[in-house]
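Written out below as C-alpha cells is the structure these notes cover.
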Amino acid sequence: LSLQQDVIAGFLYAILILVVFHPLVDLIDNFNLTYKYSPLIIISCWEMAAVEQVEEQLAGLRIAGRCEPGEEPAYLLDIHTSRATQAGSSRLVAVSCSNESLRVHERHSLRFLRQFRGGGGLAGVRFAHTSDSLVFSACSQGTVRCWDVRSATQKPVQVFSGYPSNAFISFDVSCSDLIVCAGTEKVEKDAFLVFWDARGVTDCASATKEPLGVYSESHNDDITKICFHPVKPNLVVSGSTDGLVNVFDINKDNEDDALISTCNSDSSVSSLGWSGEDYKQVYCTTHDEGFCWWDLAQLDTEEPITLLHVLDARESVCTENHSLHYLVGGWYHEKAGKLFLVGGTSTGDIHLISCSTDGLSLVGTLCGGHSATVRSFCWSPTDESLLTGGEDAQLLLWKPGAVERSLTKKASLKISSSVQKRVRVHNTSLKSRKK
C-alpha cells in the first residue's frame, strides 16, 4: 500500500474503533474520567494498524530480482545501498566479498557494473551519505579506502591509513561524512578505535590520510562492530568480543569524557545498531545467537536501561516448519516504529523477527531464494524492499508481492571458502551462563 492509502485506512480504522467503543467512552465518563483519553485510543489504534500492515508486507516479501554468481563465486559478507541524492542518478548496491573484492551493482536490476580489489580481507562496505559515487571499505591490512564508482581506474581516491599493527575488522562513516572510524583486532593487550577526518576526499586523489587519534581504553578485545548514529554525527556505538557495547560522544576532548554508556551483552558482539524514537536505543546480537536491547533515554533516570535480554534466540523464536539456526542482524523500521531482526537456517530460509519488550516473535519466513547460510542484508525504506546475500554467492532482491520469472530454487552453490570471521567467539557456554 502507498503511504496515502495507509493514512486513509488508519483514519477509517480509528473512526470505526470509536464508533464501536463509544459506549465504553460513556462508561469511562461515568467514572468521572474525561474524554481526554479518547485521543490516546485513536493513537494506539493507529499504531497497531501501522505495525500490522508493515508485518503483513514483510511476510509477503517475494523475490523480485536475482544476481547469479560470477566467474569467481564468493561469500557475500556485507551489503550497502546508495541514497541517490543527486538528480538523475540511479541507486547502487555495493557488496563486500570473501575473495577480497568489492562489487557494485545497479539497485533495481542487480546488474553487475564493476569490481574493485580491496587489498586484504574486507571488513564491510559503506556508501557516502552525501554522494552516490563514493563507497568506502576497510581491510585487514590496516587501511580504509574510498572508491569512486565513476572512475576508470582501480585506484582508490583516498586511503585512510592506520598504525603499523592495525588490522581492521569493522568500520563506519558518520552521517555527515566528516568522520571515518575503524575498529581493530586485539594485538597483545591493545584494541583500538581509530578516527580520521574524511573531508575533502575527492580533492586529495590517491592521497593517504593519517589518523586524528584513537580510543584505546574502552575495549580489551577485538572490536567487531562500529555504528554511527543515523542523525547525530557525534555519537558512535562500538561492540567487541569482550562483550561490551560502548556509546561515545566524539565531540568530547578525551576518551574518558566521550564514553557515555557501557552496556554488557555477556557475550561476543556480532552486530549492533540504533533504534527507537529519535534513535535513543541501542541493540546488539551476539555470536552465540543472543540479543540485547537498551534504552539510553533511561541513563539519567532510576528506570532500568535494559529493554530485553535474550540468551538464545533459537530457543525463544517459535517456528512451525523451519528452525532458527542463527541471527544476521537487525534494522529499525521508522514507519512502524519497530525493531526487526533477520535470522535464518543453514539451507537458506530467512526468518523475519519482531522485537518487543515482551520478547521476540516470528513475522514470516522467506523461502525459495538462497540455498545456504545468509550472511548479509540491507533494508531499503524507500521502496520497502530487502537485499540479501549469502554463502551461495547469490544477491537477491525481495519486494512485497513480487513475482520472479523463475521460482525454482537454485542448486546449492556453497563454496569451500577460506574466509573466517576475524573474531573470537566468547568462550562462556550457554549452559554456564544460564546457571
Exercise. Cα-Cα over 18 Å: which of 186/225; 335/399; 280/335; 280/338; 186/280; 155/209?
Worked result: 186/280
Problem set entry | Residue-normalised accessible area of region 73-264, given per residue in Å² at a 1.4 Å probe | 39
For this session: Quick one: divide the alpha-carbon radius of gyration of region 73-264 by 2.2 N^0.38 Å and tell me what you get.
Result: 0.99
Exercise. Taking only protein heavy atoms and a 1.4 Å probe, what accessible area per residue, in Å², does region 300-340 have with all protein chains in place?
Worked result: 58
For this session: Summarise the accessible area of region 73-264 (1.4 Å probe, protein heavy atoms) by the percent that is carbon and sulfur.
Result: 47
Exercise. For region 305-400, which whole-number percentage of the solvent-accessible area (1.4 Å probe, protein heavy atoms only) is attributable to carbon and sulfur atoms?
Worked result: 45
Exercise. Among bridges DSSP assigns within region 73-264, what percent are antiparallel (round to 5)?
Worked result: 95
Problem set entry | Other-chain or far-sequence residues with amide H under 5 Å of residue 99's (modelled H) | 75
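The values are calculated or read from the model by the stated rules, or taken from the named source; none is laboratory data. All figures in this text were calculated on a predicted structure; none of them were measured in a lab. Protein only, heavy atoms only, side chains kept; ligands, DNA and RNA dropped before computing areas. Shrake-Rupley method; radii C 1.70, N 1.55, O 1.52, S 1.80 Å.
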